[in-house]
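The structure appears right after this line, and notes come after that.
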Amino acid sequence: MVVNNELIIEPKKGLNGTVRVPGDKSISHRAVMLGSLADGVTRIKGFLMGEDCLSTVRCFQEMGVAAEINEDNVLVYGKGLHGLSEPQDVLDVGNSGTTIRLMSGILAGQSFISVVTGDSSIRKRPMGRVTKPLKEMGATILGRQKGELAPLTISGGSLRPISYKTPVASAQIKSSILLAGLFANGWTEVIEPEKSRDHSERMLRYFGAEVEVDGLAVRIKGHPTLTGREIQVPGDISSAAFLLVAGAIVPDSRVVIKDVGLNPTRTGIIDVLKEMGANLKIIENTADTGEPLGDLIVETSSLQGIEFGGQLIPRLVDEIPVIAVAAACAGGITEIRDAAELKVKESNRIEAICQGLQKMGVDIEELPDGLRIKGGKPIRGGVTLDSQHDHRIAMALAVAGLVADKGITIKNAEAINVSFPGFKNLLDTLAS
Ligand code: S3P
């Protein structure tokens, strides 16, 4: 439990059991957005009831979409492609970068005016990467620092299709442009330097849009009719990642995680842990709604440091803080390169994980585009660490705390609710 916004983690002797992790964050956001733009009802099962996805639900409710939440199911009563209405107030995305960037693409296609903002982290994160292409498509967007920072004011309407080369491999940029492409006359194209997660492409097709994928290029045809669908959201591999690393580094552990999303654009964590020597098995199940899934089994492992970067980075971009923890427990050196994007996530994750792990006695240093970790030193507890209001930093440090010599305290731990409500309870279940 998080008390006074502090999480206390005691070292554990073993983690054992079979668990499920909450629904995939990326898929949950997209299901609400496409459900809102579809004709008819979209039934989302296994929705992530985390703060980020609930922000998306609230924003679309403010644009006239009826959505009913019942346990982890959401019913979205779609308004059709042109059915959103002008929000009466500023749309607040909270901490959610996916909400602001993807929704901006949709708002660019609306003739009404909207203003979008978020918390102090969101107001520092780069938005020019989406406002630039959306302006090229014909939307009018104003924001602080020439459209670079939120709050953003957006008004658009009928957009021009563009062909756009993104400067970084980012599913948020790609998806924002593809969603704007729904409102453009003709084919809109996005070309990435490396392939980022492809949930938008898969789900747009599933709802009935025409989408072409050609290597690193993705094209969408404007003005489709989207039809409400049933979506079963798989468990989030980015949340499972914390348990995979925990199971690998805590002695006498065997953890089974059921029904985890195994989209190949997201499974970099599995490739890296296996290369580090993790005792990790995958049992694939059948996918019925366009997203592969399966069960993951991890056992205590003897890990070795590795070097990685390049095309692998977009496939594990959110998992790098917890991979740093695995590296701290591995023999030899781990070097992670080409990961400068981590500096503009919910926090500067390169700096935040370094500061946290250094306080625990880990030999870790910042590189301009990554991290270098010399593993194998004992992990020191008895310290108070700061999550820097970043859910993934809080959970990565918590995993390190499981193998420390004493308990640790993590400040600003409420951030965990952004993506993994129930994280601490789940760890306790596995340790009991
Ligand atoms: C996301 C894409 C990633 C990721 C984020 C979710 C998405 O961001 O870090 O947590 O759902 O599209 P970038 O696309 O900016 O790398």
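The values are calculated or read from the model by the stated rules, or taken from the named source; none is laboratory data. Keep in mind it's a predicted model, so treat the numbers as computed, not measured. Cβ: placed from backbone, ideal geometry, glycine included. Neighbour counts: every protein chain shown. Quick note on the areas: whole protein, heavy atoms, side chains included, nothing else; ligands and nucleic acids left out. Shrake-Rupley method; radii C 1.70, N 1.55, O 1.52, S 1.80 Å.
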- Percent carbon-and-sulfur accessible area, the chain, ignoring ligands, DNA and RNA, probe 1.4 Å: 47
- Query: Could you give the accessible area per residue of the chain, probe 1.4 Å, as a whole number in Å²?
  - Reply: 36
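Distance check, please: which entries in LYS45/LYS374; LYS345/LYS377; LYS281/LYS424; LYS132/LYS258 exceed 32 angstrom between their Cα atoms?
Working: LYS45/LYS374 42 Å; LYS345/LYS377 28 Å; LYS281/LYS424 24 Å; LYS132/LYS258 41 Å.
Table pairs above 32 Å Cα-Cα are LYS45/LYS374; LYS132/LYS258.
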- Task: Could you work out which residue, out of ILE393, ILE379, ILE282, moves most in a Gaussian network model of the chain, that is, has the largest mean-square fluctuation with Cα springs under 10 Å?
- Result: ILE282
- Taking +1 at the Cβ of each Lys and Arg and -1 at the Cβ of each Asp and Glu, which of GLY35, PRO87, VAL115 sits farthest along the dipole of the stretch 25-232 towards its positive end, judged by Cα position relative to the Cα centre? VAL115
- Task: Set Lys and Arg Cβ to +1 and Asp and Glu Cβ to -1, take the dipole of the stretch 25-232 about its Cα centre, and tell me which of MET49, ILE173, SER104 lies farthest positive.
- Result: ILE173
- Query: Looking only at GLY277, GLY310, GLY97, which one moves most when the chain is put into a Gaussian network model with springs between Cα atoms under 10 Å?
  - Reply: GLY310
- Message: Name the residue from PRO368, VAL213, VAL245 whose Cα lies farthest towards the positive end of the charge dipole of the chain, charges +1 on Cβ of Lys and Arg and -1 on Cβ of Asp and Glu.
- Response: PRO368
- Message: Compute the distance from the alpha-carbon center of the stretch 35-66 to that of the stretch 294-343, in whole Å.
- Response: 33
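Once you have a ≥ b ≥ c as the square roots of the Cα gyration tensor eigenvalues for the stretch 25-232, tell me rounded if a/c is under 1.5, and otherwise prolate or oblate according to whether a/b is larger than b/c.
On the way: a/c = 1.36, a/b = 1.10, b/c = 1.23.
Rounded, since a/c falls under 1.5.
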- Message: Test of the criteria: in the stretch 80-132, which trypsin sites (Lys or Arg not before Pro) are in a DSSP loop and have at most 10 other Cβ atoms within 10 angstrom of their Cβ?
- Response: none
- Report the charge-dipole magnitude of the stretch 25-232 in Debye, nearest 20, computed about the Cα centre from +1 at each Lys and Arg Cβ and -1 at each Asp and Glu Cβ. 540
- Go ahead and set up a Gaussian network model of the chain, Cα springs under 10 Å, then flag whichever of GLN232, GLN304, GLN88 fluctuates most. GLN88
- For the stretch 270-414: rounded, prolate or oblate by the Cα gyration tensor [a/c cutoff 1.5]: rounded
- Item | Alpha carbon centroid spacing (whole Å) that separates the stretch 362-411 from the stretch 80-132 | 33
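What number, rounded to the nearest 500 deg cm²/dmol, is the helix-based mean residue ellipticity at 222 nm of the chain, given -39500 (n - 2.57) per DSSP H run of at least four residues and division by all its residues? Walk me through the intermediate numbers first.
Details: 13 runs with 129 residues, N = 432.
Result for the chain, helices only: -8500 deg cm²/dmol.
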- Task: Based on the mean of other Cβ atoms within 10 Å per residue, sort peptides 402-413, 172-183 so the most packed one is first.
- Result: 172-183, 402-413
- Item | Solvent exposure, largest accessible area first (probe 1.4 Å, DNA, RNA and ligands not counted), of LYS345, LYS274 | LYS274, LYS345
- Cβ-placed point charges (K, R +1; D, E -1), dipole of the chain about Cα centre in debye, nearest 20: 500
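Classify the chain as rounded, prolate or oblate, taking a ≥ b ≥ c as the square roots of the eigenvalues of its Cα gyration tensor: rounded when a/c is under 1.5, otherwise prolate if a/b is larger than b/c and oblate if not. It would help to have the intermediate numbers written out before the result.
Details: a/c = 1.78, a/b = 1.67, b/c = 1.07.
Taking the square roots of the gyration eigenvalues as a ≥ b ≥ c, the chain is prolate.
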- Note on the structure: Filtering the chain for DSSP H helices with an axial alpha carbon extent of at least 18 Å and a Kyte-Doolittle mean of at least -1.0 returns 25-37
